[in-house]
Amino acid sequence: MITAADFTKDIITRFIYYKQLGDKTFAQLSEAELKWEPAEGANSIAIIVQHMYGNMMSRFSNFLTEDGEKPWRNRDAEFEPMNVSKQDLIDFWETGWSHVLSTIGSLNDAQLMQDVTIRTEKLKAYDALLRQLAHYGYHIGQIVMLGKMLRKNDWQNLSVPKGGSAAYNEAMKK
C-alpha cells in the first residue's frame with residue numbers, strides 16, 4: 001500500500017523535474033527574450049511565470065483549510081505585462097516553487113485523503129496535487145517551447161535531442 005511519504009516523495013520528484021526544465025530554459029534566455037510575445041495577445045514566458053506564481057501562492061496557502069482560489073488573488077492581472085527584471089521573474093519562480101514543495105512535503109496520510117476545495121470544487125488533497133502537477137507541466141511545456149522558438153539552433157536540449165534516441169538508449173544501458 002502506498003503511504004503519504006511514498007506519494008509525496010514521488011510527486012515532489014515530478015514537480016522538481018518540471019521546475020528544472022524551467023530553470024534550464026531561463027538560463028538560456030535574456031530578459032528581453034523572457035518578455036517576447038510570439039503573437040499579439042499571446043503570453044510571454046514572463047506572463048506565464050507571473051501566472052504560475054499567482055497560482056502557486058493561492059493554491060498552496062492554507063492548502064487544506066481554504067479554497068485554493070483566494071479572494072486576494074487577482075488572476076486577470078497575472079496576464080498583464082509587469083515592469084520586472086529577469087531576476088524578479090526568477091525570484092517569483094523560486095518563491096512559488098518553495099511554497100509548493102514545502103506544503104506538499106508537510107502532508108501526512110490523513111491529509112492527503114482530506115477534502116480540499118478549488119473554486120468551490122471539492123477534491124481529495126492528493127487529486128488536487130495531481131491537478132496542479134498537470135497544470136504546471138502544461139505551462140512549463142509552453143515555457144520550453146517559447147525558449148526553443150527564441151533560441152532556434154542555439155537551443156540547448158533539455159531532454160533527448162531529435163535524432164538522438166539510439167545514442168541515449170545505449171548510454172542508459174551502461
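Just so you know, all these numbers are worked out from the coordinates, no wet-lab data involved. These numbers come from a predicted model, not from an experiment. Note that each Cβ is placed from the backbone with ideal geometry, even for glycine, and that neighbours are counted across all protein chains shown.
Worth pointing out:
- Put simply, the amide H of Lys124, placed in the peptide plane, has neighbours under 5 Å in Val116, leaving out anything fewer than 5 places away on its chain.
- Stretching Arg75 away from Lys162 to a fully extended chain increases their span by 27.7 nm, per 0.36 nm per residue minus the current alpha-carbon distance.
- ³J(HN,Hα), Karplus 6.51/-1.76/1.60, whole Hz, each residue of region 157-174, x for Gly, Pro: 4, 9, 9, 5, x, 3, x, x, 5, 4, 5, 5, 4, 5, 5, 5, 6, 7
- Using a cut-off of 29 Å between Cα atoms, the listed pairs Lys70/Lys124; Lys86/Lys174; Lys24/Lys162; Lys9/Lys122 include Lys86/Lys174 as exceeding that distance.
- Summed residue charge, Cβ within 11 Å of Trp93's Cβ, Lys/Arg positive, Asp/Glu negative: -2
- Reported label for calculated log10 I(q)/I(0) by the Debye sum over Cα atoms at q = 0.14, 0.17 Å⁻¹ given (i) -0.89, -1.17; (ii) -0.68, -1.03; (iii) -0.82, -1.08: (iii)
- Peptides 166-173, 9-16 ranked from most to least packed, by the mean per-residue count of other Cβ atoms within 10 Å: 9-16, 166-173.
- Under the simplified labelling scheme, the Met172-Thr120 pair shows an inter-label distance of 4.6 nm, with each label point 7 Å from Cα along Cα→Cβ.
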